[in-house]
Amino acid sequence: MHRIAFKMQLFPGFEEEYKKRHQELWPELQQLLKEATITDYSIFLDATTNSLFGVMKAEDKGKLDTLPSNPVMQKWWKHMTDIMETNPDNSPVQIPLQEVFYLP
């Protein structure tokens, strides 16, 4: 099992909208993430900086590489471009975080 952590940046004033969109996460996106072997996925908000911190587990990291080309993922990314920092391909700007401690 691989543990993956990253941070993203939410635009100011969109905290509630970000929560709402994730509470209404599309079933086809949920299925896609599960098929990519993602489990135990959480996103945390630092309200003082609007930084988002994602933490997930994935059984097969190779399957994560297929997500960017999936039409469902591309549609979700486009759906989120108005509320967070994104790359030219609409994917969220993600900064990988290095693990420095783990207590199993």
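The values are calculated or read from the model by the stated rules, or taken from the named source; none is laboratory data. Given the structure is predicted, the values throughout are model-derived calculations rather than measurements. Cβ: placed from backbone, ideal geometry, glycine included. Neighbour counts: every protein chain shown.
Remarks
- Residue check, residue 45 part of a strand (DSSP E or B) and without any contact (Cβ under 8 Å) to a residue 40 or more places away in the chain: yes
- One residue alone among 69, 91, 42 is closer than 18 Å to residue 20 by Cβ and of a type in the set (S, T, N, Q), and that residue is 42.
- Candidates 80, 73, filtered to the one that is within 22 Å of residue 3 (Cα to Cα) and surrounded by 13 or more Cβ atoms within 10 Å (Cβ to Cβ): 73
- Pair list, Cβ under 8 Å, 6 or more apart: the stretch 75-104 residue farther than 15 Å from residue 53 by Cα, other residue at pLDDT 95 or above and acidic (Asp, Glu): 77/89; 83/17
- Of all the residues in the stretch 44-103, those that are of a type in the set (Phe, Trp, Tyr) and within 18 Å of residue 31 (Cβ to Cβ) number 2.
- The single condition from (1) in contact with an Asp or Glu (Cβ under 7 Å, 6 or more places away or on another chain); (2) modelled with pLDDT under 95 that residue 102 fails is (1).
- Pairs meeting the criteria (first residue in the stretch 51-67 and outside any strand (DSSP E or B) and among the basic types (Lys, Arg), second residue surrounded by 16 or more Cβ atoms within 10 Å (Cβ to Cβ) and at pLDDT 95 or above, beta carbons under 6 Å, at least 6 apart or on different chains) are 63/36; 63/37.
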